[in-house]
Amino acid sequence: MKSKILAHALLLLVFLVTLLALPAGAVHAADPTPQELIAAVNALRAAKGLTAYTFDSGLSSYAQAQADYMASTGTLTHTRPDGSVPWGSGLKENIAYGQQMTPDIAVNQIWTDALHYDPMVLPGGAVGAGVASSGGDIYFSLVVRPSEVAASTQPVQSPTQSSAGQVAQVVPTATATVAVGADGAITHVVVTGDTLTSIAAKYGVTVDDIKRLNNIGADNLIFLGTTLIIRAANTATPTPEPSATPTPETPTATLEPTKEVPATQTPTITPQPTPTPTPAGFFAGVPGFFSRNLGGLIVGALLGLAVGFFVAQFGRRR
């Protein structure tokens, strides 16, 4: 019996040593796939009574490139390397990352606020997804093109770019509209692929100039179809007319008669004779103290009782 227990203990010890000897990460679950992420989104849509999104390979390439870019830089961002963002092309994107990231966690726990929930429950549209991992972190990119957005506005990847570790550059699919007014004002209509940096470089101005003229915030967001002011209208600056300087008037001093101040008479104080107190002995005030002071009467009575008590006691001893 003891030999069986010893054999089982040895087997358990060998098993534990084998587990400890395995390199870190040798045993782990397989990374989720883009198809699993899309399936989780369509499962949510089915639970809400919505039809499944249509799979779009172009959107998936676009999403995968961003997932690879986030994994290579270790950042969570919607901004592509060229500065463009998905909503600049009418697209919606949800992103997430984490060491234990799964499609279920992303769809049902992370993307539950209104901003991220909306792209998953649109009335209809096309969808693409990308998944990448780096350093134990898993990165998700879910891109949705609403059904009312034309497919021609979708960013297209450059075939010369590699999808591994970086995002292919976005190629605009529309021509920018430029207008020059009679007053010299220049405006630009935002099209797919436009960024503040590319627009500023095109017109030889700074990004800060465009932001100031169009009240663009720190997020640098611009939207398709928006007309941006590149250069304000020329306005003539009026030349100020010199104004006459008034000559100050010299005030005339007015002499006032000097008032005579009557002399103040100082009253003479006549000294009064001070009565000289009649000196008295120590016991001169004792009768007054006892006669005019209730406390003195009480003290006197107590002293009398004390003296009488002392005399009585002294007489008994004798």
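With a Förster radius of 35 Å applied to the beta-carbon distance between VAL189 and ALA39, the computed FRET efficiency rounds to 0.35. Of the peptides 69-77, 84-92, the order by per-residue mean of other Cβ atoms within 10 Å, starting with the highest, comes out as 84-92, 69-77.
Taking other residues whose beta carbon is less than 12 angstrom from the beta carbon of MET101, and scoring Lys, Arg as +1 and Asp, Glu as -1, yields -4. Fully extending the segment from GLU148 to ARG212, taken as 0.36 nm per residue of separation minus the present Cα-Cα distance, adds 19.8 nm. A Förster radius of 41 Å combined with the Cβ-Cβ distance from ASP31 to SER198 puts the calculated FRET efficiency at roughly 0.70.
For the pair ALA46 and LEU115, label points projected 7 Å from Cα toward Cβ lie 3.1 nm apart. In this rough spin-label picture, where each label sits 7 Å from Cα along the Cβ direction, the PHE223-SER72 distance is 3.2 nm.
Read-outs throughout are calculated quantities, based only on the coordinates presented, and are distinct from any laboratory measurement. This structure is a prediction, so every number in the text was calculated from the model and none was measured. Here Cβ is always computed from backbone atoms with ideal geometry, including for glycine, and neighbour counts include all displayed protein chains.
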